[in-house]
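Structure first, then comments.
The values are calculated or read from the model by the stated rules, or taken from the named source; none is laboratory data. For clarity, every value in this text was computed on a predicted model and none was experimentally measured. Heads up, the Cβs are rebuilt from the backbone with ideal geometry, glycines too, and the neighbour counts pull from every protein chain shown. For accessibility, only protein heavy atoms count, side chains too; no ligands or nucleic acids. Shrake-Rupley method; radii C 1.70, N 1.55, O 1.52, S 1.80 Å.
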2 protein chains.
Amino acid sequence: MKVRAVIKLKAGVLDPQGEAIRHALGTLGFDGIEDVRQGKIIELVLAEPDAQRAEAEVQQMCEALLANTVIESYEVELP
Amino acid sequence: MKVRAVIKLKAGVLDPQGEAIRHALGTLGFDGIEDVRQGKIIELVLAEPDAQRAEAEVQQMCEALLANTVIESYEVELP
């Protein structure tokens, strides 16, 4: 079972890397960029065949290790 | 228009960070993890209101800056 965890900085948390990307894109001639936020994606292949249980397991992994829940939020997706 | 670029290492490219995550999850007691791959996600808010044109623009951004197409593949998603 393939599960994807998307980890992003919470709204309001400063994202200097996103800001740097926005600036770099501007210098390359890309206009009209209002905001850029960078995050992480972690794709896991689990032995668990049940989608709901796999999703719950990845949610636990995010809480325990993958995300810093003070400044990051996460979503678990089944692609 | 919100557009999301998902940038992953190509299949076959070694992912030591993913391997480290897998190991760390194992020590925390999470079993049955067959594979872990880590990637980046870049969320852009563009002034462009047309979805198709926004998607094409982000594709150009990926080619020009966001992805290293030698070792990384990217997907552009409209969330």
Next item on the list: Identify the residue of chain B whose Cβ lies closest to the rotation axis that maps chain B onto chain A, and give that distance in whole Å.
Entry: B:Ile41, 2
Next item on the list: Note every residue of region B:45-68 with a reduction of at least 30 square angstrom in accessible area, all protein chains present versus the isolated chain, computed with a 1.4 Å probe, or write none.
Entry: B:Val45, B:Ala47, B:Glu57, B:Met61, B:Leu65
Notebook entry, point to check: Which whole number of Å³ per residue matches the convex hull of the alpha-carbon atoms in region A:17-79?
Noted result: 117 Å³
Checklist line | Contact surface A-B: accessible area buried, both sides summed, square angstrom, 1.4 angstrom probe | finding: 2800 Å²
Check: Put +1 on the Cβ of each Lys and Arg and -1 on the Cβ of each Asp and Glu in the protein assembly as shown; which of A:Asn68, B:Ile33, B:Ala47 then has its Cα farthest toward the positive end of the dipole?
Finding: A:Asn68
Notebook entry, point to check: ³J(HN,Hα) across region B:11-21 via Karplus (A = 6.51, B = -1.76, C = 1.60, θ = phi - 60°), whole Hz, x for Gly/Pro?
Noted result: 4, x, 7, 4, 10, x, 5, x, 5, 5, 5
Next item on the list: Take the solvent-accessible surface of the protein heavy atoms, probe 1.4 Å, and return the percent of it on region B:2-77 that carbon and sulfur atoms account for.
Entry: 51 percent
Check: Given label points at 7 Å from Cα along Cα→Cβ, what nm distances, shortest first, separate A:Gly12 from the same residue in every other copy?
Finding: 4.7
Margin query: Going 7 Å from Cα along the Cα-Cβ axis for the label, what nanometre distances separate A:Glu75 from the same residue across the other copies?
Written below: 1.3
Notebook entry, point to check: How much mean residue ellipticity at 222 nm does chain A get from its helices, if each DSSP H run of length 4 or more adds -39500 (n - 2.57) and you divide by all residues, to the nearest 500 deg cm²/dmol?
Noted result: -9000 deg cm²/dmol
Next item on the list: Can you list the distances in nanometres, one decimal and ascending, from the A:Pro49 label point to the identical position in each other copy, with the point 7 Å along Cα to Cβ?
Entry: 5.0
Note to self: Charges at C-beta only: +1 for Lys and Arg, -1 for Asp and Glu. How large is the resulting dipole of the protein assembly as shown about its Cα centre, in Debye rounded to 20?
What the structure shows: 240 debye
Check: Along region A:24-38, what does the Karplus equation 6.51 cos²θ - 1.76 cosθ + 1.60 (θ = phi - 60°) give for ³J(HN,Hα), rounded to whole Hz, x for Gly and Pro?
Finding: 5, 5, x, 5, 7, x, 7, 9, x, 9, 8, 7, 9, 10, 9
Item checked: For region B:51-66, Karplus couplings with θ = phi - 60° (6.51, -1.76, 1.60), whole Hz, Gly/Pro x -> 4, 5, 5, 4, 4, 5, 5, 5, 4, 4, 4, 5, 5, 7, 9, 6
Item checked: Contour minus Cα-Cα distance for B:Gln52 and B:Thr69 (0.36 nm per residue) -> 3.9 nm
